[in-house]
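Before any comments, here is the structure.
What follows draws every value from the coordinates through simple rules; no lab data is involved. Every value quoted in this text rests on a predicted model; they were computed, and no experiment measured them. Cβ atoms come from the backbone with ideal geometry, glycine included; neighbour counts cover every protein chain shown.
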Amino acid sequence: MTLTGLSSTPAVSPRSELVISAKGVSKRFDNHQAISDVSLDIERGRVFGLLGPNGAGKTTTVRLLNHVLTPDSGEIWLFGERLTAATADEVRSRIGVQTDTNIYESLTARENLHFWAELYGVPKQRRRARVDELLEIMELTDRASSLAGTFSKGMRQKLGVARAVVHRPELLFLDEPTTGLDPEASLKLIDFLRGMIATDHTTMVMCTHQLDGLETLCTDVGVLIDGRMAASGPMESLVSERWPGHWVTLELANSSLANLESAHRVLADQFPEANASITDAAALLVSMPQAEMTERLVATLVHHEFAIRALVPVQRSIRDVYFDVIGSARGGAV
């Protein structure tokens with residue numbers, strides 16, 4: 001009942017190798033083209049946020065990456081090995097997959113974790129300690145002897161994550177892991193996952209609709225639209241491609257439209273290399289080639305007797321990237 005091939009390889013540098021490499025992967029179901037020519041690379045220790053509207057192909061992509069489905073065309077490589085029927089079992093022993101369907105409702109929380117720990121080859125002498133550790137981390141210790149079928153959605157989510165990581169996988173697939181969790185529990189789960197990355201250089205693929213807070217965990221993002229990868233890469237690259245330079249929001253003490261327009265004219269005249277616009281929040285949004293220009297820009301406005309109430313650097317998030325990609329794909333801003 002044990003999956004062989006459980007890796008005992010020491011953790012290595014998070015950027016030393018590709019854990020996932022997919023090239024030109026496509027999948028069709030009857031008359032529906034679910035995935036078309038999807039390619040992506042994910043390095044060890046990175047967290048890849050797989051985003052997209054409902055029906056975009058996220059679940060199909062994840063199932064292809066862990067060999068629940070086989071592609072009609074293209075290649076998938078995991079840990080440097082081409083993913084085939086012959087290599088799938090060994091590769092799976094190094095993978096954790098969090099889904100609601102892998103929880104047995106007729107077993108208790110502890111029995112569920114013991115079952116999967118044994119299946120994944122966790123040594124018997126370490127099994128109980130590992131299960132106890134995860135029950136405590138997921139705050140399920142007091143319900144360890146309760147049947148999983150009696151659990152709330154949030155409790156099932158936490159048990160599902162615990163089941164997926166019981167064998168300390170090198171690659172972890174997560175499907176909406178914070179769904180059903182309250183804000184405090186969500187933050188604790190994210191902290192736990194961040195600890196796995198820091199300690200074990202665990203690679204993660206997170207399929208989610210929950211955009212808020214993900215920027216604290218995801219290093220890379222892929223946006224699927226109608227089965228095609230509309231954008232993919234490190235967050236910093238996706239942001240710099242769309243919003244080059246340095247961006248700030250300037251709030252003036254006098255936020256009347258006339259005063260904002262006057263300040264806008266000054267900036268356009270004195271800083272032609274910068275771009276400024278008036279926002280709906282009655283402020284100036286300014287982009288400039290270098291952050292060092294900020295001091296001169298502020299001094300110029302003050303010299304022209306504009307009182308500045310606040311200057312806030314703009315921090316672009318996963319939400320910004322997602323809606324920019326979606327808007328571009330639909331031919332306009334969202």
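Please work out the C-alpha center-to-center distance from the range 144-218 to the range 101-122 and express it in whole Å. Their Cα centres are 16 Å away from one another.
As a rough guide to protection, the peptides 35-42, 199-206 ranked by mean Cβ packing within 10 Å, highest first, stand as 199-206, 35-42.
Which order, highest average first, do 273-280, 141-148 follow once you tally other Cβ atoms within 10 Å for each residue and take the mean per peptide? The partial results should precede the final answer.
On the way: 273-280: 13.2, 141-148: 14.9.
Ranked from most to least packed, the peptides come out as 141-148, 273-280.
Remark: the ALA282-SER145 segment gains 43.7 nm on full extension, using 0.36 nm per residue and subtracting the alpha carbon distance. Length gained on full extension, ASN254 to LYS188, computed as 0.36 nm times the residue gap minus the Cα-Cα distance: 19.5 nm.
Relative contact order of the range 18-239: what whole-number percent is it, with Cα pairs under 8 angstrom and at least 6 residues apart? Please report the intermediate quantities before stating the final value.
Numbers: 404 pairs, mean separation 65.1, N = 222.
Computed value for the range 18-239: 29 percent relative contact order.
Backbone amide hydrogens, once placed in the peptide plane, bring HIS246 within less than 5 Å of MET288, GLN290, excluding anything fewer than 5 places away on its chain.
Between the listed residues PRO183, PHE271, PHE151, the Cα displaced farthest toward the positive end of the dipole of the chain, a dipole computed from Cβ unit charges relative to the Cα centre, is found at PHE151.
Relative to the Cα centre, what is the charge dipole magnitude of the range 116-180, using +1 at the beta carbon of each Lys and Arg, -1 at the beta carbon of each Asp and Glu, and rounding to the nearest 20 debye? Before the final figure, lay out each step's value.
Values: 11 positive and 9 negative charges, 47 e Å.
That gives the range 116-180 a dipole magnitude of about 220 debye.
Using the Cα centre as the reference, give the magnitude of the dipole from point charges on the C-beta atoms of the range 244-313 (Lys, Arg: +1; Asp, Glu: -1; all else neutral), rounded to the nearest 20 debye. Before the final figure, lay out each step's value.
Details: 3 positive and 8 negative charges, 12 e Å.
It works out to roughly 60 debye.
From its DSSP helices (H runs of at least four residues, each -39,500 (n - 2.57)), the chain gives a residue-normalised ellipticity at 222 nm of -10500 deg cm²/dmol.
Charges were assigned to the Cβ only: +1 to each Lys and Arg, -1 to each Asp and Glu. The resulting dipole of the chain about its Cα centre is roughly 960 debye. Taking THR101, THR208, THR179 as the candidate residues, the one with maximal mean-square fluctuation in a Gaussian network model of the chain, Cα springs under 10 Å, is THR101.
Work out, step by step, the length gained on full extension between SER152 and THR70: first 0.36 nm times the residue separation, then minus their alpha carbon distance; give nm to one decimal.
Details: separation 82, 0.36 × 82 = 29.52 nm, distance 3.33 nm.
In short, 26.2 nm is gained.
With only alpha-carbon atoms in the gyration tensor, what are the semi-axes of the equivalent ellipsoid for the chain, in Å, largest first? Before the final figure, lay out the partial values.
On the way: eigenvalues 407, 111, 64 Å².
Square roots of five times the eigenvalues give 45, 24, 18 Å.
Note on the chain: Lys pairs 8 or more places apart or on different chains, Cα atoms under 24 Å apart, count 7. For the residues TRP243, TRP116, TRP77, a GNM of the chain with alpha-carbon springs under 10 Å puts the largest fluctuation on TRP243.
Relative contact order of the range 240-328, please, whole-number percent, based on alpha carbon pairs below 8 angstrom and at least 6 residues apart.
Values: 108 pairs, mean separation 34.8, N = 89.
Rounded, it is 39 percent for the range 240-328.
Treating each Cα of the range 244-313 as an identical point scatterer and summing with the Debye formula, the log10 of I(q)/I(0) at q = 0.12, 0.20, 0.23, 0.26 Å⁻¹ comes to -0.25, -0.73, -0.99, -1.32. Comparing PRO289, HIS67, THR87 along the charge dipole axis of the chain, the residue lying farthest to the positive side is THR87, per the Cβ-charge model. Using the Cβ-Cβ distance between LEU311 and GLN270 with R0 set to 25 Å, the FRET efficiency from 1/(1 + (r/R0)^6) comes to roughly 0.90.
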